[in-house]
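The values are calculated or read from the model by the stated rules, or taken from the named source; none is laboratory data. All of these numbers come straight from a predicted model, not from anything done at the bench. Backbone-built Cβ (ideal geometry, glycine too); neighbour counts: all protein chains shown. Each accessible area value is taken on the protein alone, full model and side chains, heavy atoms only, with ligands, DNA and RNA left out. Shrake-Rupley method; radii C 1.70, N 1.55, O 1.52, S 1.80 Å.
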Amino acid sequence: WLVHTGGWACKRIPGPIHGDPHPANAIIMTGGRMGIIDFGVVGRISERELSQFVDLVFAVYSQSPKRTVEGLLELSGGYLDDQTMYAFEREVARYVKACRTKPFDWWLIELGNLLVKYRIQMPPTFTLISRFGVLANKIAQTFFPGSSTIDLVGEEIKEGMRERLIGKARHIRENLDTHLYILAYELMQQLEDAPQNAAAFIRDPLGTVAEILEALAAPLHKKAA
């Protein structure tokens, strides 16, 4: 059950979130499968929100206060002035360090306290995820008392991070291939004008090199824009 509920999130598979997974709503079926009943409190998370939320979990797991702060502000779309930001960053750093040995309900409740203190609003989906996390952790603690989030779903988090890294590497490689074709094409265009470039280079070496580099980089700037 932990693999199922933790795994889908870390793999960024958007879907419904059961916001009331207390013991009376969780049943064990034939073959040891876990069944969930009573769908009175259910919501659906978007792919964008799920990605942002999972990145936030990864930031806490990797003990990065900086990325945790960035993730919270990105999720909320909020802004803090310099003085408030300094205090917020210090508290987030303490929070992230403590999360290493704490259960998931502590992660969520303490994070909620920080958000209220600094008046940072989160998407409604975050409330549903938090409710699910708190109640699900209570069930988990019944069978694994004293277990931290890392103990319970650490492997699922690491697997999600691995897939995220592979996806990013694939994206970079695909874009690099495209950029290399663009650069090669521009270089061939420059070589067709080689005599003129050679003469220009003799007259103004630095200026000519700068002009060629600018021409080569132009397609990349255009694509990025």
For this session: Using only alpha carbon positions, build the gyration tensor of the stretch 26-112, then give the equivalent ellipsoid semi-axes as the square roots of 5 times its eigenvalues, largest first, whole angstrom.
Result: 32, 16, 11
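Can you sort Lys138, Lys102 by 1.4 Å-probe accessible area, starting with the largest?
Largest to smallest exposure gives the sequence Lys138, Lys102.
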Seminar exercise, completed: Per its Cα gyration tensor (rounded if a/c is under 1.5, else prolate when a/b beats b/c, else oblate), the stretch 99-138 is best filed as oblate
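Please report, in debye to the nearest 20, how large the charge dipole of the stretch 67-121 is about its Cα centre when each Lys and Arg carries +1 at its beta carbon and each Asp and Glu carries -1 there.
Dipole of the stretch 67-121, to the nearest 20 debye: 280 debye.
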For this session: Name the residues whose placed amide hydrogens come within less than 5 Å of the amide hydrogen of Gly19, ignoring near sequence neighbours (fewer than 5 apart) on the same chain.
Result: Val41, Val42, Gly43
Problem set entry | Most positive-pole-ward Cα, Asn25, Leu75, Ile129, against dipole of the stretch 1-151 from beta carbon charges | Asn25
Exercise. Restricting attention to the stretch 78-155, which chymotrypsin sites (Phe, Trp or Tyr not before Pro) occupy a DSSP loop and are surrounded by at most 15 other Cβ atoms within 10 Å?
Worked result: Tyr79
Problem set entry | Loop-located trypsin sites (Lys or Arg not before Pro) in the stretch 78-129 whose Cβ has at most 15 other Cβ within 10 Å (DSSP) | Arg100, Arg119
